Amino acid sequence: MKIVLTKEAKKELKVINKRIHEALESDFFDGYDEEMDEMSERELLVMDAGFYVDGAYCENKFDDLDEWCRAVQEIEYDPKYLSYHPDAVKDKVNKMIEENIIIIK
């Protein structure tokens, strides 16, 4: 199985990437930070979904979603954060599914 962006999320990610690119061109450090601070929760989820689809943390191919989530979160999050949020990636993936950002194929 793998994570796939929905058609709408692909369009949204394209817009987000363009905004980030433009922010980086205008002011590499401050522009990026400002753009990230201004993103909605959905935009952040779409951006994270893009990372998952592209295999930024580990290969986007799995037999067990729970195992994949555990592998990703060990790379994506600080261990101290995970001690308080042990299912951080699984919760985020579930939210992405609920908000029609991704599907599991």
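The values are calculated or read from the model by the stated rules, or taken from the named source; none is laboratory data. Here the structure is a predicted model, which is why all the values come from computation and not from measurement. Positions of Cβ are generated from backbone atoms using ideal geometry, with glycine treated the same way; all protein chains shown enter the neighbour counts. Remember, those area values only see protein heavy atoms, side chains included, never the ligands or the DNA or RNA. Shrake-Rupley method; radii C 1.70, N 1.55, O 1.52, S 1.80 Å.
Please enumerate, by chain and number, the lysines with C-alpha under 30 Å from the C-alpha of Lys14, excluding those fewer than 8 residues away in the same chain.
Lys2, Lys61, Lys90, Lys92, Lys95, Lys105
By how many nm would the segment from Val15 to Glu41 grow when fully extended, if each residue of separation counts as 0.36 nm and the alpha-carbon distance is taken off?
7.8 nm
Which whole-number percentage describes the relative contact order of the chain, with Cα contacts under 8 Å and a sequence gap of 6 or more?
45
Could you give the size of the charge dipole of the chain about its Cα centre, using +1 on the Cβ of each K and R and -1 on the Cβ of each D and E, expressed in debye and rounded to the nearest 20?
For this selection, approximately 640 debye.
Taking a quarter of the surface of the Cα convex hull of the chain, what do you get in nm²?
Taking a quarter of the hull surface, the average projection is 6.8 nm².
How large a share of the accessible area of the stretch 12-105, in percent, is made up of carbon and sulfur atoms when the probe is 1.4 Å and the other protein chains stay in place?
Heavy-atom surface of the stretch 12-105 belonging to carbon and sulfur, 1.4 Å probe: 50 percent.
Taking only Cα atoms, what is the 0 to 90° angle, nearest 10, from helix 41-54's long axis to the longest principal axis of the chain?
70
Residues of the stretch 4-89: accessible area per residue at 1.4 Å, in Å²?
Here the per-residue accessible area is 67 Å².
Return the loop-located GluC sites (Glu not before Pro) in the stretch 26-105 (DSSP other than H, G, I, E, B) with at most 14 other Cβ atoms within 10 Å of their own Cβ; answer none if there are none.
Glu59
So what's the angle, to the nearest 10 degrees on a 0 to 90 scale, between helix 65-76 and the longest Cα principal axis of the chain?
So the helix axis and the longest Cα principal axis differ by about 40 degrees.
For the pair Glu8/Glu59, report the inter-label distance in nm, with labels modelled 7 Å from Cα in the Cβ direction.
It is 3.3 nm.
What is the spin-label model distance, in nm, from Glu99 to Ser26 if the labels are put 7 Å beyond Cα along the C-beta direction?
Each label point lies 7 Å from its Cα, and together they span 2.3 nm.
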